[in-house]
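The values are calculated or read from the model by the stated rules, or taken from the named source; none is laboratory data. These numbers were taken from a predicted model, which means no experiment stands behind them. Positions of Cβ are backbone-derived with ideal geometry, glycine not excepted, and every protein chain shown enters the neighbour counts. Just the protein is used for accessible areas: all its heavy atoms, side chains included, with ligands, DNA and RNA removed. Shrake-Rupley method; radii C 1.70, N 1.55, O 1.52, S 1.80 Å.
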Amino acid sequence: MSDAPERKHSEVADVDRSLYDFVMPEEGYERYDDGLTPDIVRAISAKKDEPAWMRELRLKALDAFHEMRMASNWGPDVSALDMDHISTYVSPQTKQARNWDDVPDDIKTTFERLGIPEAERESLAGVGAQYDSEIVYHNMREEVAEQGVIYTTIEDALHDPQWEPVVHQYFGTLIPMRDHKFAALHYAVWSGGSFVYVPAGVSLSYPLQSYFRLNASGAGQFEHTLIIVEEGADLHFIEGCSAPKYYEANLHAGAVELFVKDHARLRYSTIENWSKNMFNLNTKRATVGADAKMEWVSGSFGSHVSYLYPTTFLQGARSSCEFTGITFAGATQDLDTGCKVILNGADTTASVDTKSISKDGGVNTFRSSVIIGRRADRARATVSCSSLMLDDISRSDTIPAMDVRNPTASVGHEATIGRISDDTILYLMSRGCSEAEARTMVVNGFANPVSKELPLEYAVEMNNLIKLEMEGAIG
Amino acid sequence: MQDTLLTIDGLSAGTEDKPILHDIHLELGSGQTHVLMGPNGAGKSTLGHVIMGDPSYQVTSGSITFDGADITDLTSDKRSLAGIFLSYQAPVEVPGVPLYSFLRTICQMRPELKTTARKFRERVGQICEQLELSDSFLMRELNVGFSGGEKKKVEMLQLLLLQPKLAILDETDSGLDVDALSIVSRGIEAYRAQCDGTLLVITHNTRILERLDVDRTHVMVRGHLVAEGDASLVGEIDASGFSRFEDELAAKGGVA
Ligand SMILES: Nc1ncnc2c1ncn2[C@@H]1O[C@H](COP(=O)(O)OP(=O)(O)OP(=O)(O)O)[C@@H](O)[C@H]1O
Ligand SMILES: [Mg+2]
């Protein structure tokens, strides 16, 4: 055995994640018992003082959760996830604030370190910040509110006689409760998230952002995001997520339901950096009306295991969907991600462009599913997926599926797997870059088609995340 | 007497299974211009790469001293920061990395070149103008889809920005049209004038040398430096080729 330091296989712990990886004390928090019982579900419902229909929905979902089996024949292993050791509700004892000064210090510090208040001042139309199970801060610029835009929590919308019927009408209609076991779990214990309503014809010049922070160990986060973009309206919504690293498993099973009406446009951007003990079993779905446009931009860096396949239903004629995503899987990560598009309207178009980066034994699996319905005349879909492998111990797989039921439709698929060439590294090093800098530069370049779709400060954050991960690789 | 900038002493190098360079001795004085000529496959590019520290070649004996320090075991980046620049015969394409931000990065990592964003932009603008390179290239991905001539100009752009002590130009003139050739020649002159840089020019054409004050000419055949002379040696090669040197090497029993 040589005693030269082993450089290639870094531990996650080597990476300086201090930016995301800090823990605040949980003292004085309201934390429900681990495991799942009707009593816990009733307690969550009672605490939220919900309408009866919502409580019934939760209890039905709980039954569904207990009845349904884990999908065991595909995807990453989730056997380490033991629901009996996950608390489904943890709440900091604080009221939702409209002013950061009213947010308790440690929580405020958390969001300051994540740069949220600063981004809010500079480039956002509104911000929601969730800490564990509850939204602790929610605010929107006045001029946006004056346009009739609603940006609040689902809980608050349910207490508002004007919006309760709207939530009732839409909630849970895109993602069925029995879609999969964790969708059922979500509906049983959901808490927090956002309700956004953009009236017809209104277009927001700045994005809205919700940030989800899971601070508690051994806990779950189950936020529900419900967005309605009315006819001809235009919204960019950003969600960010992170958590400090724990040794116990954490669970994220959120649900995102997006309704994009005729001629409207919704861009939904995500920067996800869950810690590497997180099971990210998230469900996102959009339905899109005629001449409307759905754009997904997604950067996934974190979690131990992810199952994530944002799904778009192109219902209206000439509607379109663009999906641009990147996943980065390092040591101990098994990320099963992808994208599903169902083209039902005539002349609909979908274009999916994804990248994956694997290193230090990380596993990336990309699944795409394109379904073209019988009436979708001349529908067109293209899927392209490129993977970058940073070493020989990592894995990257592409699993495309397509089901074309209209003879005038066309679907294209393209997948490439590459490595960083020695020539490229040498060229960059001959201009003064260290090997680590050269590799980071190449990886950033690979990710560039995705980062350039993000607002500048998020693109910078994404580059920093790549840098953090790459520094871990070289030591 | 001038200071010696680069000394190559008894250097042999090659790939794992193939020796390419044999017992090379070369001295470049500070501020001098040397020309390296030789038939295709002689090992000229290999020598350039070995000086730059390309790890695909192993040095089996000898040493390289640069600016008073033994750099034989240094990695490429250290050599670059010490002041060596190699203009590639075939520059590499790096997708997704915008040329401008790349230039900014490689300058900011050198304390002597650190500057404000504005001054940097002006400087890059000036050089682009000098090289008749449109600004639009700056936003493009590094070398991706650039024509052969454009790639060479981008190498020159980096040379003029970095102002290295030693520039090895590996066929920077090949593939250039007449106008581009004179633009690049003027670029090389500008580099010489700016920082009294030392040049090792690898070329097959005498044209680029017309505007340069050549101090020494070296001839490489099958991995050996077989002849050295003044500027007039270039003319001789141009007139009668390398066969004389090949024969001499064969007579000495030098085999590749
Ligand atoms: N990485 C390598 N692997 C294998 N053989 C190599 C490698 N690099 C160079 N060689 C061989 O070494 C010899 C010298 O190559 P080199 O590129 O240095 O020649 P050159 O003098 O620059 O030629 P040209 O004038 O055509 O550019 C050639 O036979 C070449 O095939
Ligand atoms: Mg060559």
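Below, the figures for the structure above:
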{"read-out": "Total residues in the stretch B:153-184, condition within 14 Å of chain A (Cβ to nearest Cβ) and in a helix (DSSP H, G or I)", "value": "9"}
{"read-out": "Selection within the stretch B:3-38 - near ligand 1 (Cβ under 7 Å from one of its atoms) and under 23 Å from B:Arg211 (Cα atoms)", "value": "B:Gly38"}
{"read-out": "Unmet requirement for B:Gly175, which otherwise passes all of (1) surrounded by 19 or more Cβ atoms within 10 Å (Cβ to Cβ); (2) within 16 Å of ligand 1 (Cβ to nearest atom); (3) over 21 Å from A:Arg431 (Cα atoms)", "value": "(1)"}
{"read-out": "Hits in the stretch B:67-89 - residues which are among the small types (Gly, Ala, Ser) and more than 8 Å from every other protein chain (Cβ to nearest Cβ)", "value": "B:Gly68, B:Ala69, B:Ala82, B:Gly83, B:Ser87"}
{"read-out": "Any chance B:Ala227 is of a type in the set (A, V, I, L, M, F, W, C) and either within 16 Å of ligand 1 (Cβ to nearest atom) or farther than 23 Å from B:Thr4 by Cα (or both)", "value": "yes"}
{"read-out": "Condition broken by B:Lys152, with the remaining ones in (1) surrounded by fewer than 21 Cβ atoms within 10 Å (Cβ to Cβ); (2) under 13 Å from B:Leu86 (Cα atoms); (3) of a type in the set (D, E, K, R) satisfied", "value": "(1)"}
{"read-out": "Of residues in the stretch B:98-140 being among the aromatic types (Phe, Trp, Tyr) and more than 12 Å from every other protein chain (Cβ to nearest Cβ), the one nearest to B:Lys153 (Cα to Cα)", "value": "B:Phe137"}
{"read-out": "Top-ranked residue of the stretch B:51-68 - restricted to ones that are open to solvent by 10 Å² or more (accessible area, probe 1.4 Å) and within 16 Å of ligand 2 (Cβ to nearest atom), ranked as nearest to B:Ser87 (Cα to Cα)", "value": "B:Asp54"}
{"read-out": "Among (1) within 16 Å of ligand 2 (Cβ to nearest atom); (2) within 22 Å of B:Ser12 (Cα to Cα); (3) open to solvent by 50 Å² or more (accessible area, probe 1.4 Å) - the single one B:Pro39 does not satisfy", "value": "(3)"}
{"read-out": "Meets criteria (within 14 Å of another protein chain (Cβ to nearest Cβ), of a type in the set (A, V, I, L, M, F, W, C), assigned to a loop (DSSP other than H, G, I, E, B) and over 30 Å from B:Leu28 (Cβ atoms)) for B:Val144", "value": "yes"}
{"read-out": "Residue in the stretch B:30-49 that is at positive phi and within 14 Å of chain A (Cβ to nearest Cβ) present", "value": "no"}
{"read-out": "The listed residue being touching a residue at least 40 places away in the same chain (Cβ under 8 Å), under 22 Å from B:Val221 (Cβ atoms) and touching a helix residue (DSSP H, G or I) at 6+ places or on another chain (Cβ under 7 Å), out of B:Val92, B:Val35, B:Val97", "value": "B:Val35"}
{"read-out": "Total residues in the stretch A:190-218, condition assigned to a loop (DSSP other than H, G, I, E, B) and either of a type in the set (A, V, I, L, M, F, W, C) or closer than 25 Å to A:His263 by Cα (or both)", "value": "11"}
{"read-out": "Test set (1) within 14 Å of another protein chain (Cβ to nearest Cβ); (2) under 19 Å from A:Ala329 (Cβ atoms) - A:Thr424 fails condition number", "value": "(2)"}
{"read-out": "2 or more residues more than 27 Å from A:Ile417 (Cβ to Cβ) and not β-branched (Val, Ile, Thr): qualifying strands (runs of 3 or more DSSP E) within the stretch A:305-361", "value": "A:311-314"}
{"read-out": "Those residues of the stretch B:111-132 which are open to solvent by 10 Å² or more (accessible area, probe 1.4 Å), within 24 Å of B:Lys165 (Cβ to Cβ) and not in a helix (DSSP H, G or I), in sequence order", "value": "B:Pro111, B:Glu112, B:Leu113, B:Lys114, B:Thr115"}
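Here is a yes/no grid of residues against (1) in contact with a helix residue (DSSP H, G or I) (Cβ under 6 Å, 6 or more places away or on another chain); (2) within 24 Å of A:Leu456 (Cα to Cα); (3) open to solvent by 10 Å² or more (accessible area, probe 1.4 Å); (4) among the aromatic types (Phe, Trp, Tyr):
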| position | (1), (2), (3), (4) |
| --- | --- |
| A:Tyr187 | yes, no, no, yes |
| A:Ser205 | no, yes, yes, no |
| A:Ser210 | no, yes, no, no |
| A:Leu214 | no, no, no, no |
| A:His252 | no, no, no, no |
| A:Ala255 | yes, no, no, no |
| A:Tyr268 | no, yes, no, yes |
| A:Met278 | no, no, no, no |
